[in-house]
Every structure is written in C-alpha cells, then in structure tokens.
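The values are calculated or read from the model by the stated rules, or taken from the named source; none is laboratory data. Here the structure is a predicted model, which means the values were calculated and not measured. Note that we place each Cβ from the backbone using ideal geometry, even for glycine, and neighbour counts take in every protein chain shown.
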Amino acid sequence: MPTRVTVASNTKQSQKAPLLIPSSTSFDPNPSSSCYSLVIKTAQSKLRLKKASRIFVHGGRELTTQKDWEDVLKDDVVLLVSTGEGYVGSRTEDDPSKPGQGGQHADANPDCSIELLADNAFVDTLSITQLETTARALPGIVHAVGQPDLHPGTKFPIGAVFVSKGWLHPPLIGGDIGCGMAWYKTRLSRSQVEGDKGRKIAEKLRGLEGAWRRQEDREVWLGDEEGKGSCSAGEQWDASLGTVGAGNHFAELQVVEESSMGNPTSGREDAQHELYEDEVVLLVHSGSRGYGSHILKAFTKEGGHDSIRDDDSTAKEYLDAHDRACAWASGNRDLIALRFLACLEPGSWDLGLNSGIPLGSSLSADHIRQARRDVQSRRVVDIWHNNVEITTWPPAQSAYEGWLLPSDSATLPDSSTQKANNGDQPHSDTAALPALTAQKFNISDELPLEKFYIHRKGAAPTHNPSSSKPLTILPLPGSRATPTLILHPTFTPHNTYGQTNALSLAHGAGRALSRAKAATYVAEKYAGKANDLLRGDFVKADKRGNKIAGGKGGEGRDVHGGCWVVCEDKQLVWEEAPEAYKDVWDVGEDLVAKGCCESWGWCRGRVSYKVRKE
Ligand SMILES: Nc1nc2c(ncn2[C@@H]2O[C@H](COP(=O)(O)O)[C@@H](O)[C@H]2O)c(=O)[nH]1
Ligand SMILES: [Mn+2]
C-alpha cells in the first residue's frame, strides 16, 4: 500500500500538496528513487520550492537518515520542506516531557481544525505559520483560530485561540495572565474632553503611578464581600495594584461617537451595560502586572512543565494560581478606574487619591468595599483576553437558539425582563439577552460533560465565563489615535454558534509592525517630533474617525479629532504609534463578515494615558 502524505512548505505551511509514496520507495535517502528525492521533487514541482533541500516533520525533527524515515513515514504525516532554512515552528524533539515519535508529541493532533478569520486585515505569514505549528505540535489541540488581529509573537502568535482536550498550556496564556479590558462610564460630557479640554484633562491625570495606599487596604480591595477571602498576591506584587503598567497597556477617555443602542432616556433598565452616543467612557487595558509572570515562571521550564496533562495535580495548582491572577487583574482594572475617576470627578472618589484620605486615618474595610462597589456600578463590561477557560465543546446550537440574528439587530430586545447586574464579578454583563433566550439558555442541560480548555492568547471572549451567557458588547480598540469599535457577539449557523471563532473575538487591531520595526520607522518619520505625536491637535480624523498623522508636510493640520496622549517613555511613543497597528475597521469587518459579531458603533479616544515618570 502506498503511504499518503502531505508535502508542505516549511515557511508557509498553508501551501501544501498531497503525495502518495509507493511502498517500494527506499527509506535510505541517498538513491535517486528514495522517499527523500520524491518529496523534494514534489516540493519543487507542486510548491515551486526550486531550492528544496531539507525535510522536517511537525515538532522539528529533520529527516536525514534511513532511521528517521522509518520512524516517521506513515499515512497523513505532514512533511515540511525547507529551502535551507531551519525548522519553523515550536520544537518538541528536545523536550523530554513531550514523548512521541518523530519529534511529534504522542497527543499532538496534526489534523486539528484551524480557522483564520482574516480576509481584509493584513496578516503576517510568520503568524500563520506560528498558528499552524502551535496547533499541530502542542498536545491535545482540537481547534485553533487566528483572529483578524493575528500577528507574530516570540514563539506563539498573538490574536489566537487554542481549544484543547486533556492538556493545559500555560505558555500560551503567557505572563500577563488575566490581561484584559474594562469600560467604565464617567459623568463627563463630550464638551469637557474635546479639543483643548482634552489637553487640560491629560494634565490632571497625576498621582497614578505609585502604590495605592497601604497593603492592608489593598488586601481588602482584593477581598470578597464578607472579608473572608482575598486574591492578594502579597505585598511584592500588590504594590503595583492600580497602576496601568508598561507596554501597550493604557487607560483612555473615549467619547461614544456612534451607537445603535438608542439613548439612555429610552428607559432601558440595564443602561449600565450599553453605550449611548455622547457618553464619555474610560477604557482600561491592564493585567496582572508582575504577578502573572511570576506564576508562569513557576509553572514552566524551571518548574519542569510546559504543557500539563489535566489529570496531573500540577494542572489544578496552575488553574488555581491562574484564577487568582485573573481575579487580581480584574481588581487592578477596577482600582485603576477608581484612581482615574478621582482625578476626573473630584469630590466623589477621594479614596482613589493617595492624598485624599490620609493613610494613617482609620479607614474601615466597609469603606473600601463600598468604593469598589461604586466603581463596579460604573462598569459596562470587563473581559480577560489572556486566560484559559474550562468549557464544554463544541458550543451547543440549542444554547444560542433565539439569540440575536443579524437581521434582528435593528430591534434590540427589551431589557426590562432581564436580570439586573449587581456588578459583583467581571463579565457579569447580560444586558441585551432576550428574555426568550435567557429562559432557553441552560448550558448544563444541553452539553456533554467532557472538559475542554479555551486558551486565549490575545482574544476576547464572546460570553461571560461565569454564567456562559453572551456579552452584550465588548471593545475592539485600534490604537491611541484610532477608534475603538463596539462589538456585539453573535451565535448563528454562519459561525456554527461560536465554534468557528472558538467563542472569541479579536482583542484589538493587532500589530502591523513589530516593536523594533515601528521604533525605527516611526522614529525616522517623525524625527525630532516625539512630543508632537502626543498632541491631540497634531493628528487629524478622517471621516471614519481614523487619524491622519501630521507627519512631514502635514504638521499641525488639524485641531479636532485628536487624542492627547500621556506617555513619558520615548521608546513607547514610537513603538505604540498608530502606524504600528492594523486598520481596526478591517479587523471589525472581517469579524462581521464571518458572522461572529455585529458592529454597534464606535468610540473616539480623547485622552490616552500610558505612563508618567513621577
Ligand atoms: N484605544 C487604544 N488601543 C490601543 C492602544 N494601544 C494599543 N491598543 C490596541 O489594544 C490592543 C491590545 O493588545 P495586547 O496584545 O497588548 O493586549 C492592541 O492590539 C491595539 O490594537 C491605545 O493606546 N489606545
Ligand atoms: Mn492585553
């Protein structure tokens, strides 16, 4: 019987061709009638790899000897042909915790389904290779999704989702466990943040970098309502609670420019979880600061595990630590919001200011808990985009039947019958869930009990993981000077009720340029103008709300539409420039076209806070 294999390009693994290798073909690579020669010829003729010379299998093993071919050649194996370059993808061959044949983990699933949700959005081929190799090489992956914001990471792609069975993969979640985004309503009006007012507000954003209050107070902030448990990580890590952090974390004041959610006076009971035109909101993007990477280190290489079998006791330990970091990150976003609100709405949030209520004064735990409740009463939605979620799989159609179909979008459901959100936990957004669906939605009755794990490596969930109920809206941020779209997740036959997109959406526009490339390109383009790039009047909004950079010859062309940026780290000014990111409208359109969501409006950033050196 001939052996049925796939010959694929090592650098572009989606480029492939089937090949039948006759049983008489020699495993010894030297003769011209060898398996090696046949595969090389196929790569040359079918994949146009004229200089084809080396062959690998997933996991990185190179086929150079007769023994390699004997070990590896079997039906359905994928042979990756290189034109001299090394293996592209994650290597498993050197890792003793990953037994298997031919460098492939025994539980790897080379046939796992892989969806790429990008048609319009630019996607770097390296990220597609990373997506495919990760999906096929890591044990237990059953479905992988490249969101339209997919872009290359150090080893794994960002903007990706991996659903697994039997295995947990802490490195996929990465160090910023629980990173995510939360929107909060403010009482500011559009006119208070537009134009030069934005600059004045940016000036007011001070006292946001240092530690917040005392460790006892932070522990209460991170505690439960009864004061019985707390996700405090200890003083070392809690000291950074309430700070935005470096990289592309930010807290941004935005104006809702367009919304299809009516207006607050239309009597909606659950207006907290919807956004209306002209509202001014605060979008907070931050995670678990140093705490998450401390956890990752403890559970990876030095700790002896990269991927963990879910029946291993370490799996529970990791999940417990992960859940704490997620709760910590959520508490962090709430505290950042409190501190910002204290600057923005003076008088009401004194606990947010380190100078507001003297540290020594007796402050009851109730006072702190009340402040957290008050912040949560402003919270529209809070999501984690770096996390692992336990789920049943695939999503049951019946669970989402009756949920908004695209054609229903004009008529939003009456929320008067919906459960009020007391804001006591993240993701508790059920606002526009139709009463009909709310009654029908009983996930535990419908789904098999097998456990799967959704690993989100920079991807937003479509639902609240605690209740499994769909989220009403969630943010799709572009960059510090481009819009944030308001997405409404959908579950229809078009996206197989959330299976296609692995119950997830893009978490941002995603990088078009690596940090290194952006630093060189943007720094050159705006040489000597780092400070101008932070001015709201240096960039101009086009009709879709995207800003056209002032740049050479266009300096200071515009006054309206700009976002004032606080970023006292020059390197970040370059690395985080809007030019470094994909077009957020392309990303949104791809998700809509794939039936994964509807776009319900957009917000324009007016003041974006990254970092101050104080
Ligand atoms: N509205 C803003 N969006 C921004 C800003 N900086 C980055 N971004 C977007 O957020 C995501 C976050 O990605 P992550 O992988 O770091 O979690 C990123 O893809 C950008 O699209 C900003 O200042 N304002
Ligand atoms: Mn993030």
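Worth pointing out:
- Search result, residues across segment 155-169 that are over 15 Å from the mean Cα position of the chain (by Cα) and closer than 23 Å to Gly60 by Cβ: Lys155, Ser164, Gly166, Trp167, Leu168, His169
- Among the residues making up segment 61-70, a single one is under 27 Å from Phe156 (Cα atoms) and in contact with a Leu (Cβ under 9 Å, 6 or more places away or on another chain): Leu63.
- Pair list, Cβ < 7 Å and 6+ apart or interchain, from segment 571-591 residues that are among the hydrophobic types (A, V, I, L, M, F, W, C) to residues that are at pLDDT 90 or above and part of a loop (DSSP other than H, G, I, E, B): Ala580/Ala512; Ala580/Leu513; Val584/Ala509; Val587/Ala121; Val587/Ala509; Val587/Gly510; Leu591/Leu117
Rundown of residues vs (1) surrounded by fewer than 15 Cβ atoms within 10 Å (Cβ to Cβ); (2) hydrophobic (A, V, I, L, M, F, W, C); (3) closer than 23 Å to Ile141 by Cβ; (4) modelled with pLDDT of 95 or more, yes/no style:
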| position | (1), (2), (3), (4) |
| --- | --- |
| Trp384 | no, yes, yes, yes |
| Tyr400 | no, no, no, no |
| Leu412 | no, yes, no, no |
| Ala420 | yes, yes, no, no |
| Thr430 | no, no, no, no |
| Leu436 | yes, yes, no, no |
| Glu450 | yes, no, yes, no |
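- Here Gly247 meets each of (1) within 16 Å of ligand 2 (Cβ to nearest atom); (2) surrounded by 22 or more Cβ atoms within 10 Å (Cβ to Cβ) with one exception, condition (2).
- Across segment 101-122, the number of residues qualifying as closer than 15 Å to Lys457 by Cβ and under 17 Å from the mean Cα position of the chain (by Cα) comes to 3.
- Some residue of segment 164-186 being over 22 Å from Val388 (Cα atoms), in a loop (DSSP other than H, G, I, E, B) and within 16 Å of ligand 1 (Cβ to nearest atom): yes
- In segment 594-610, the residues that are in contact with a helix residue (DSSP H, G or I) (Cβ under 7 Å, 6 or more places away or on another chain) and more than 9 Å from Leu253 (Cα to Cα): Lys594, Gly595, Cys596, Cys597, Glu598, Ser599, Lys610
- All conditions in (1) at pLDDT 95 or above; (2) hydrophobic (A, V, I, L, M, F, W, C); (3) more than 16 Å from ligand 1 (Cβ to nearest atom) hold for Leu150, with the sole exception of (3).
- Residue within segment 497-506 that is more than 16 Å from ligand 2 (Cβ to nearest atom), closer than 20 Å to Lys185 by Cα and surrounded by fewer than 24 Cβ atoms within 10 Å (Cβ to Cβ) present: no
- Residue satisfying condition, being over 17 Å from Pro170 (Cα atoms) and among the small types (Gly, Ala, Ser), within set Gly287, Gly245: Gly245
- Within segment 190-208, residues that are under 11 Å from Gly536 (Cα atoms) reach partners that are of a type outside the set (Ser, Thr, Tyr) and surrounded by fewer than 16 Cβ atoms within 10 Å (Cβ to Cβ) with beta carbons closer than 8 Å, at six or more positions or on different chains, in the pairs Glu194/His560; Gly195/Val559; Gly195/His560.
- Leu73 crowded, with 17+ Cβ neighbours inside 10 Å and farther than 30 Å from Asp306 by Cα: no
- Val381 being away from ligand 1 (no atom under 16 Å from the Cβ), in contact with an Asp or Glu (Cβ under 7 Å, 6 or more places away or on another chain) and outside any loop (DSSP other than H, G, I, E, B): no
- Which listed residue is closer than 21 Å to Ala182 by Cα and not basic (Lys, Arg), from Ile357, Ile308, Ile336, Ile295: Ile336
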